[in-house]
1. Pull out the extension gain between residue 56 and residue 138, defined as 0.36 nm times the separation in residues minus the alpha carbon to alpha carbon distance; nm, one decimal.
2. When every alpha-carbon pair in the stretch 51-96 is counted, what percent end up more than 18 Å apart?
3. To the nearest 10 square angstrom, what accessible area does residue 326 show with a 1.4 Å probe?
4. Ignoring ligands and nucleic acids, what accessible area does residue 310 show with a 1.4 Å probe (Å², nearest 10)?
5. Based on the Cβ-Cβ distance of residue 334 and residue 161, what FRET efficiency does E = 1/(1 + (r/R0)^6) give at R0 = 30 Å, to the nearest 0.05?
6. Structure shown: which of 90/137; 83/139; 80/237; 80/208; 114/134 lie over 29 Å apart, alpha-carbon to alpha-carbon?
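The values are calculated or read from the model by the stated rules, or taken from the named source; none is laboratory data. Remember, predicted model here, so these are calculated numbers, not experimental data. Here Cβ is always computed from backbone atoms with ideal geometry, including for glycine, and neighbour counts include all displayed protein chains. Ligands, DNA and RNA are stripped out before the accessible areas are found, and what is left, the full protein with its side chains, is counted by its heavy atoms. Shrake-Rupley method; radii C 1.70, N 1.55, O 1.52, S 1.80 Å.
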Amino acid sequence: MKDIKEKLQEYYINLTKVFDTENDSPKLLHRKSFSKRENEELLTGIIVVFLIITILLSFVYYFLVFAPQQEEFNNLKQEKINKVHSLLSKDENHNKEAIISEIERCNDVESLEKLDVEAMCYPILKNSLIEELKEYKDKYNRVEIHSDNSTDIMNINNATNYINSRDSTTLSTLHIGPVDSVIIPLSINRKQAASGLITEGDVVDIYKTNNYLQDESESQVENQSQNDTFNITYTTKIVGGSQIVSILRSKDSASIEQNLELSESPKSRNLSQSSSLDIQQILSSKAAGTYDEKQIKIMLEDYGTRLSNYERTSNIGELDVEYIIMLEVPRNSVENLIDNMDNIILTIPTYDAPSWVNL
């Protein structure tokens, strides 16, 4: 019994030492264990909330910032690539691929915006067209330049200046070809014929005026339907660089009348004299060999041109004169010119104007 009692005392003492060493009790140990679990749960909750907030912020950033920027970047890149395809549609070498590769290497909008696609394409387009000028020029050193709606016949110098003065967008629409022209007659009035101030060998551009009716949509005015019609006129260029081969002025302007009145002393009679000269009859007589060739040539050579020049310098002239003009025009424009003969007008380009034009 004594041994058992001693052992129990010893066990109690040891147990007390343990609690005294840790300054704790079984109840305190239970509380510490519970507090540790609370801390772990709190930390876990904080981590979960942080992750949720991070995910939400990531979604917000993606949809509000990154996605729009990426869409803008992709759209701008595609726009640049489409522009290259549009400008270099005729290019079959590696120039197009090289420019597109440079676009693809851009990683942000700022670097893409710095790329000037038109400036990169300009020397390629210009050099290609200059080479075509050399390839297609005819024996008169001329070529045809085809744009969207018109065709121009130009000599190489004018064509080179024309190409050098245009931007990339315009150059991409130009096509160079050999001159394929015909000579057609046009019956036009003086206003259409550049006021008649043109001569053989002059170069003119031809424009067409178009009239059409546009109906305004029906509107209710005081419970009534009113439909107004507007007459709209617009002008388009058909041909450029057409050369005038010959001009026929209507013979109505070729009659010359001269009146002469003589007065004498009161005892004498007043005399009047009149004479009439019909140029057409003189020409007919010349053709029949009636008149001397040399005299007729001096009097009538370039009569119509000289008459127009005198009218120009005097600022007085016949306005109701009709002309038949023989013009060299591109073959592909003949149908359009004939169908619209009443609506065309000849203009004098300043780059190849007559000598009397003083700008």
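1. 22.3 nm
2. The calculated P(r) of the stretch 51-96 puts 54 percent of pairs beyond 18 Å.
3. Looks like 60 Å² after rounding.
4. Approximately 150 Å² of residue 310 is accessible to the 1.4 Å probe.
5. Working: r = 28 Å, r/R0 = 0.92.
Working from the Cβ atoms, E equals 0.60.
6. 83/139; 80/237; 80/208; 114/134
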